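Inspection log for the structure reproduced underneath, given as structure tokens.
The values are calculated or read from the model by the stated rules, or taken from the named source; none is laboratory data. Bear in mind that the values here come from a model prediction, so they are computed numbers and not experimental data. Glycine also receives a Cβ, built like all others from the backbone with ideal geometry; neighbour counts cover every protein chain displayed.
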Amino acid sequence: MDEGRLGRAQAGDGSAFEELVQPHRRELLVHCYRILGSLEDAEDMVQETLLAAWRALGTFDGRSLRAWLYRIATNRCLNYLRDGSRRPESRLVTAPAAVTEALVSSDEPWWLEPYPDVLLEDVESAPEARYAARESIGLSFVAALQRLPAQQRAVLVLRDVLGFSATESAAILDTTPTSVNSALARARTSFRPGRAPDQIRLPRSAHEARVVERFINAFQAGDVKQVVALLADDATLLMPPEPLECRGGPAIAAFMQKMNFWGPGLTLLPTRANGQPAFGYYLPDPHAPLLRAGGLVVLDIAGDEVVTITRFGDKGVLARFGLPRTLPREQAD
């Protein structure tokens, strides 16, 4: 801790305060995202955290700024989750008649949003953490967290993802180490973060790149059979915020053949989300010489198979990845 800078900040120097908190801003954003599942909500909580920290800086004891900020951020997130009115209800979706048989109701968190990899570059795991930083930001991991009760969710993130001790976690949550250990045991029992350990993931590897290339080529060509050939037997197509999903290759094929989120003239722009390969997809505008964004697709790949396709149809997510809303038609040629 830079005591001189802290003293200036406590005396009201906003620039000194910004210099103190800036190194922690990105990891606080990831922390809030893991607990809330929504990047937009996480950004709001980080802003509330820093405002609360600025107002309460005079009470800070000068020991661990990081732990103090995590305490504020964690409790802001828990308060947010307790106040159900702050998160809108899921919109009701009527499945298109042509694909009704392919769709089933989904229990996935409808509020789940993708997280740009560019915001993960400085985020690392503590040596004591049970999960690696990249693993603990994956879409399936974050979705599984959302199924835990809020207190258990916070405890599991603090202990197993961030590596805080039981005593440190108890101080953050204003409880006892015994309560923390009890909540952690319950969380570990019910937490299902995705595929089994024998389903090997090789992020950013040449192996992953080959599978992605095969998938993109088939997807861009409109070759449903080749897309399905790359899918695991129990593959799932998810579509947050729509509370619907497709399970298995035949259902996914039926859905893709009937719906308009791909087709002739499709153009893909690669990116990465949640440590996973992703792409924005663009379709021709029938009334203008443009390609218009359809949304973002994120792939979860294990071994040689695609196990989950997550399609975010909200075009607003593209801006977070530096992707445009439209492309000139010539870019597809």
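Computed values, structure above
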{"quantity": "In segment 118-131, residue surrounded by the most Cβ atoms within 10 Å (Cβ to Cβ) [restricted to those that are aliphatic (A, V, I, L, M) and modelled with pLDDT of 85 or more]", "calculated": "LEU120"}
{"quantity": "Segment 129-179, residues that are among the acidic types (Asp, Glu) and in contact with a Pro (Cβ under 6 Å, 6 or more places away or on another chain)", "calculated": "none"}
{"quantity": "Close pairs from segment 279-303: first touching a residue at least 60 places away in the same chain (Cβ under 8 Å) and on the phi > 0 side of the Ramachandran plot, partner in a strand (DSSP E or B) and crowded, with 18+ Cβ neighbours inside 10 Å, Cβ under 9 Å, at least 6 apart", "calculated": "GLY303/ALA232"}
{"quantity": "Single match in LEU318, LEU291, LEU323 (criterion: part of a loop (DSSP other than H, G, I, E, B) and surrounded by 19 or more Cβ atoms within 10 Å (Cβ to Cβ))", "calculated": "LEU323"}
{"quantity": "Filter pass, LEU238 being buried (at least 22 other Cβ atoms within 10 Å of the Cβ), touching a residue at least 12 places away in the same chain (Cβ under 8 Å) and closer than 21 Å to VAL224 by Cβ", "calculated": "yes"}
{"quantity": "Residue in segment 133-142 that is among the aromatic types (Phe, Trp, Tyr) and modelled with pLDDT of 95 or more present", "calculated": "yes"}
{"quantity": "The listed residue being modelled with pLDDT under 95, hydrophobic (A, V, I, L, M, F, W, C) and under 25 Å from the mean Cα position of the chain (by Cα), out of VAL46, VAL99, VAL93, VAL21", "calculated": "VAL93"}
{"quantity": "Leading residue by the ranking (nearest to ASP304 (Cα to Cα)) among those in segment 213-224 that are surrounded by fewer than 20 Cβ atoms within 10 Å (Cβ to Cβ) and in contact (Cβ under 8 Å) with a residue 12 or more places away in the chain", "calculated": "ARG214"}
